[in-house]
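Everything on this sheet refers to the single structure shown next.
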Amino acid sequence: MHDPVVLRSKHLARFQAEPVVFVAPGRVNLIGEHTDYAEGFVMPVAIDFATLAAISPRTDGKIVLYSENFEEEKTFEAAALPAAPSKHWSDYPIGVAVLLAGEGQTIPGFSLSIWGDVPLGSGLSSSAALEVVTGLAITSLTGVTYPGPVLARLCQRVENEFVGANCGIMDQFISANGKESHALLLDCRDLSFKLAPIPADIAIVIANTMVKHSIAGGDYPTRRRESEAACAIINGHRGGVPFLRDATLEDLEKWGHEMEPKSYLRAKHVITEDLRTVAAEKALEEGNLAEVGRLMAEAHASYSKDFEGSCPEADAMVEMAQDLPGLIGARLTGGGFGGCTVNLVQRDHAKAFAEKLGARYFAKFGIQPQIHVCHASGGAHRLD
Ligand code: GLA
């Protein structure tokens with residue numbers, strides 16, 4: 001699906017140099033929302049939307065980035081990398097160079113052409129895909145290669161320390177380490193993971209509400225702060241709870257009255273979501289799809305009501321899916337406040353499901369949603 005030929009020939013024509021080409025996928029999260037930065041569990045899948053990067057070395061010490069999507073070029077000096085972001089698409093790739101330089105790597109001059117089909121601002125991790133693919137491309141020139149989990153951590157730091165988005169590790173991790181036909185139950189504390197096979201007769205249908213989501217905006221960090229405030233109260237009482245991963249529902253019962261009502265609800269979502277995520281992996285492994293669907297429904301209700309991370313369009317998209325033939329489970333996926341729902345659907349029904357869901361959504365909101373029947377893909381790699 002992602003043929004490197006076009007990008008390679010465009011790169012050659014623009015920069016007069018043969019590149020090597022890399023790919024990194026976007027992701028959809030089946031369950032486990034806002035648990036990653038609480039050192040809990042997530043269960044994402046790499047999808048067949050991806051970002052490609054073609055790279056070749058330069059001898060003039062310049063870093064020239066070209067985005068095929070934006071049809072725009074931006075030039076930097078390898079020896080004088082920027083200290084701050086400029087609220088531009090180039091922040092992600094140049095941020096990777098900045099962080100690699102901070103790790104002691106000598107960043108050479110290079111030309112980098114980028115093209116991707118991960119819809120931007122839809123909660124499918126276009127920025128993580130861009131960071132991870134750039135990380136693979138640059139390290140192919142420096143010769144210091146990073147194992148997938150290490151590359152993921154570096155790319156998360158690009159968001160946290162350079163771009164200024166306070167995200168967790170999920171998106172970068174799955175983009176770097178995804179596995180064909182599998183979801184990954186990731187323990188965000190130690191980055192150990194378990195592969196959960198997606199049965200061949202199940203399709204992953206991603207429905208874009210077309211409501212733009214941004215994790216750099218105010219809601220994501222607010223929710224994070226609120227949940228962390230609840231954690232601090234529990235930790236103040238019994239210690240050993242640096243993250244909500246370590247808290248229990250009993251803790252919440254005991255000390256919830258000391259919390260701001262919103263903090264209590266955010267923490268309730270995170271604590272119960274961790275339990276649901278681990279249970280969903282087990283159910284998937286046992287082939288208990290009814291249980292997977294039930295857990296997804298519970299997760300959506302918790303995300304929407306307790307975490308207040310949804311929006312009317314996403315709630316409606318989930319609701320409208322409920323009585324469509326073939327549905328196993330539906331919920332809002334990703335950072336929240338818009339973006340996409342993820343639907344697990346019996347493959348035989350997937351096409352009709354997508355059509356009917358799209359028609360229902362259009363009838364209600366007058367907006368044509370993009371609906372994609374996706375496949376669980378592999379993680380980032382070189383394309384040759
Ligand atoms: C965004 C962030 C992730 C994670 C999710 C919510 O995608 O980048 O780290 O926190 O939101 O689960």
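Values in this text are rule-based calculations from the coordinates and carry no lab data. The model shown is predicted, which means the values in this text are computed figures rather than measured ones. Cβ coordinates were reconstructed from backbone atoms using ideal geometry, including for glycine residues, and neighbour counts include every protein chain displayed.
Would you pick out the residues in the stretch 154-203 that are among the hydroxyl-bearing types (Ser, Thr, Tyr) and surrounded by fewer than 19 Cβ atoms within 10 Å (Cβ to Cβ)?
Ser181, Ser192
Quick grid of which residues meet (1) of a type in the set (Ser, Thr, Tyr); (2) without any contact (Cβ under 8 Å) to a residue 24 or more places away in the chain; (3) touching a Leu at 6+ places or on another chain (Cβ under 8 Å):
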residue	(1), (2), (3)
Arg238	no, yes, no
Arg245	no, no, no
Ala267	no, no, yes
Lys282	no, yes, no
Leu289	no, no, yes
Ala314	no, no, yes
Gln322	no, yes, no
Gly326	no, no, no
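Being in a strand (DSSP E or B), among the aromatic types (Phe, Trp, Tyr) and within 16 Å of the ligand (Cβ to nearest atom) is the filter; apply it to the stretch 1-52 and report the residue that is nearest to Phe173 (Cα to Cα). Don't jump to the end; show me each part of the working.
Taking the stretch 1-52 first, the residues in a strand (DSSP E or B) are 20-29, 41-42, 44-52.
Restricting the remaining residues to those that are among the aromatic types (Phe, Trp, Tyr) gives 22, 41, 49.
So of that shortlist, the ones also within 16 Å of the ligand (Cβ to nearest atom) come out as 41, 49.
Details: Phe41: 12, Phe49: 16 Å.
Restricting to residues being in a strand (DSSP E or B), among the aromatic types (Phe, Trp, Tyr) and within 16 Å of the ligand (Cβ to nearest atom), the top hit is Phe41.
State which residue is farthest from the ligand (Cβ to nearest atom) when the search covers only the stretch 179-198 and only residues that are in a loop (DSSP other than H, G, I, E, B) and closer than 20 Å to Thr341 by Cα. Here the residue is Ser181.
The set of residues in the stretch 262-279 being of a type in the set (D, E, K, R) and within 10 Å of Leu249 (Cβ to Cβ) consists of Lys268 alone.
Check whether at least one residue in the stretch 310-317 is under 25 Å from the mean Cα position of the chain (by Cα), crowded, with 19+ Cβ neighbours inside 10 Å and among the acidic types (Asp, Glu), and report yes or no. Yes, because at least one residue in the stretch 310-317 is under 25 Å from the mean Cα position of the chain (by Cα), crowded, with 19+ Cβ neighbours inside 10 Å and among the acidic types (Asp, Glu). Please tell me if Ala78 is under 23 Å from the mean Cα position of the chain (by Cα), buried (at least 17 other Cβ atoms within 10 Å of the Cβ), more than 30 Å from His182 (Cα to Cα) and away from the ligand (no atom under 16 Å from the Cβ). So Ala78 fails the test.
For the stretch 234-247, a residue qualifies if it is exposed (fewer than 13 other Cβ atoms within 10 Å of the Cβ) and under 17 Å from Leu265 (Cβ atoms), but none of them does. Every listed requirement among (1) outside any loop (DSSP other than H, G, I, E, B); (2) over 30 Å from Thr139 (Cα atoms) is met by Arg382 save one, (2).
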